[in-house]
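> First the structure, which I've put down as structure tokens, then a few questions once you've had a look.
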Amino acid sequence: MTSTTRQGRRGAFNAPRRPRRFHPTWHFWFALPAIILVLAFFLVPFLANAGFAFTQWTAYSSDITWNGFENFRTLADLGVLGHAVLITLVYAAVSMLVQNVGGLFLANALQEPTRVNNVFRAVFFIPVLVSGLAAGYIWAALLAAQGPLNQFLSAILPGGFVYSWLGNPVSALVAVAFVDAWKWVGLAMTVYIAGLNAIPKQLFEAAALDGAGPWRRFWKVKVPLLAPAFSFNVVIGIVGALSSLDIIFAATGGGPGDATTVLQVASYRQYGQGLFGTASALSLVIAVIGVVIAIPLISALRRREVRL
Amino acid sequence: MSTTSPMQASRLQQTLKYIFLGIFAVPWVAVPLWMLLVNSFKTEGESSVLSLALPTEWAAVENYTKVFTEGNYFVGLGNSLLIAIPVVVVVLILGSMAAWAYARSNAMGLRVTFFISAMSIMLPPAIIPTIFILTKIGLQGTTWGYMLVLTATKVGVIIFLAVGFVRTLPTDYEEAAQLDGAGRLRTYWHVILPLMRPVLFTGAVMLVIGVWNDFLFALFLLAGKANATLPLTLYSFALAPTGAVRWNLVFASVVMTSIPLFIAYVVLQRRVLSGLTEGGTTG
């Protein structure tokens, strides 16, 4: 409704639209620089990646030739492909989960902009500012076998506690995913606070008058209305985790063994060896995972936008 | 403010909440920061113990001097500033221009490019073809190429945030400016840009954090010590020769690479958080 009236009003300023001919209005010229950049350095590489993944392309020859699924076969034979996919999915899932549970919890506790709350918000936002490398180094030190965490555990547990958190494949993977979440939970918190602030207060009051307790109000009123903030955090969390590399480089270097070698790290390794074809293949896998996760969530976001 | 429970119960609840949050903040934020700082003041041998204790022998001056001399720090700082500032400014301008156009147009072509821009935030970047393109145009490994790619991959964030914001603005101001004879560029600069300030501030915060800390693109797209940004100087310094990690130097280097953003945060903290929590993020 509103959009048609708006369009009608705007019509007074634009040349009448002639069908089937390209008559750029000012809109086009204003968007053009951004369009060129996005097409040249996002869309084209994104599409080209799908092509390069099926080519024989190395640093040792200037020829790029098609080789079908050869890159994927090579990676599968090396045991890199399936393993890296699995590691990446676990990493993204753990990180996204911790980020959102933590962010939602903090947002609920700190929604009101009181003075104390503002101090706490500021404190919990600090890790967002730290670079991924810095986060990786700090936590590698905290989690070291003789490090502060184990010193603390030794103090409260009988008989001392020595465990190499980053030395065991499973705990190392969970630990680096946790560091990723640690770094981003402050941002998820702010997005959820913004979401909570966008909910009209009357809705809670109405629900309370209708006899809904705090728990019911949380699940039946807050959670559904927080859906846009939720989708935003989930997509950004997962996509961020998919291209995460710095935390892992700093904390484990991809090890122990290849326990934390996510796709992005594996791709960098192939690239580092001059194997651009296989590196592209791994990059394509990241892109496909991203598309499969992001598209349904984006369309859900857009549907909601229309409704609101 | 909106609590419905009786006063006393809610006060007790509040107190318990803050005690809990305080206890939570200790391992979550205080211990990591303390770990970082205190170990950056220790000697190499003492820092390798990785404890939270105060140094028995202070080596702060030596450590930080090493970061400045061996760690390539000022080159990294200079490059980071020379890259981050123009990139953020250009992204804000190009993004807000495009956002205004997208918000006020229903043309099919623009709807498609808006969708692609929104996708660019949500999908992981394809780095190897990017390198291919930069190599073709002779910019691979250079600061210019890196800045171009950063600008292109970040502009979507501003477009996405600002389009949602502009759509909620009435068109009256722009129309008044047009009637007064202002051209599109003047209207943009004097009317639209000031109106967008809150959402652009929010966007700028996210941009600065993302650009300043970028390691992924920097690793692939920047070559050579002379072009290194702070994350790259930190990484190469931490990797440096001997094999064993020199924790005191790594931490001193982490402190120095984080400090510029921290100073900005301390100065702007209130605006940063109120911008992020009230403005546009859900737009």
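> The stretch A:127-188 to the stretch A:58-121: how many Å between their Cα centroids?
The two parts, judged by their Cα centres, are 18 Å apart.
> In chain B, carbon and sulfur make up what percent of the accessible area (probe 1.4 Å)?
Here it works out to 69 percent.
> Taking a ≥ b ≥ c as the square roots of the eigenvalues of the Cα gyration tensor of chain B, is the shape rounded (a/c under 1.5), prolate (a/b larger than b/c) or oblate?
It is oblate, given that a/c is not under 1.5 and a/b is not larger than b/c.
> Which residues of the stretch A:202-244 show a drop of at least 30 Å² in accessible area when all protein chains are present, compared with their chain alone (probe radius 1.4 Å, heavy atoms only, ligands and nucleic acids excluded)?
Output list: A:232, A:236, A:239, A:243.
> Here's a follow-up. At 1.4 Å probe size, with the rest of the protein present, what percent of the exposed accessible area of chain A is carbon and sulfur atoms?
C and S fraction of accessible area: 68 percent.
> In what sequence, largest accessible area first, do A:125, B:201 appear using a 1.4 Å probe?
Order by accessible area, largest first: B:201, A:125.
> Which residues, if any, in the stretch B:208-226 lose at least 10 square angstrom of accessible heavy-atom surface (probe 1.4 Å) when the other protein chains sit next to their chain rather than the chain being alone?
B:209, B:213, B:215, B:216, B:219, B:220
> Given the options A:66, A:215, A:139, which has the most mean-square fluctuation in a GNM of chain A, springs set between C-alpha atoms less than 10 angstrom apart?
A:215
> Now for a different question. Calculate, for the protein assembly as shown, the solvent-accessible area per residue in square angstrom, rolling a 1.4 angstrom probe over the heavy atoms of the protein chains. Let's see the in-between values first.
Values: 26890 Å² over 591 residues.
That works out to 45 Å² per residue.
> Taking the alpha-carbon distance from residue B:154 and a cut-off under 23 Å, which lysines remain once sequence neighbours fewer than 8 residues away in the same chain are dropped?
In chain and number order, the partners are A:183, B:136.
> As an exercise, find the ratio Rg/Rh for the stretch B:71-239 from alpha-carbon atoms, using the Kirkwood inverse-distance average for Rh.
1.05
> Between residue B:60 and residue B:239, how many nm apart are label points set 7 Å from Cα along the C-beta direction?
The modelled label-to-label distance comes out at 3.2 nm.
> While we're on this one: Hey, how much of the P(r) for the protein assembly as shown falls beyond 40 Å, as a percent of Cα pairs?
Value for the protein assembly as shown (Cα pairs over 40 Å): 30 percent.
> Might you work out the accessible area of residue A:163 for me, using a 1.4 Å probe with all protein chains in place, and round it to the nearest 10 Å²?
Looks like 80 Å² after rounding.
> Helix-only estimate, please: 222 nm mean residue ellipticity of the protein assembly as shown, summing -39500 (n - 2.57) across DSSP H runs of length 4 or more and dividing by its residues, to the nearest 500. Walk me through the numbers on the way to the answer.
On the way: 29 runs with 415 residues, N = 591.
Theoretical 222 nm ellipticity from helices: -23000 deg cm²/dmol.
> Taking the alpha carbon gyration tensor of chain A, what are the square roots of 5 times its eigenvalues, largest first, to the nearest whole Å?
Over the Cα atoms of chain A, the semi-axes work out to 38, 36, 16 Å.
> Within straight cross-link reach of residue B:42, meaning Cα distance under 24 Å, which lysines are found once same-chain residues fewer than 8 apart are removed?
Straight-distance partners of residue B:42: B:66.
> Separate question: If you take the accessible area of B alone, add that of A alone, and subtract the area of the pair, what total do you get in Å², probe 1.4 Å, to the nearest 100?
When B and A are taken together, about 8800 Å² of accessible area is lost.
The values are calculated or read from the model by the stated rules, or taken from the named source; none is laboratory data. Computed from a predicted structure; not experimentally measured. Cβ atoms come from the backbone with ideal geometry, glycine included; neighbour counts cover every protein chain shown. These accessible areas exclude ligands, DNA and RNA; they are computed on the full protein's heavy atoms, side chains included. Shrake-Rupley method; radii C 1.70, N 1.55, O 1.52, S 1.80 Å.
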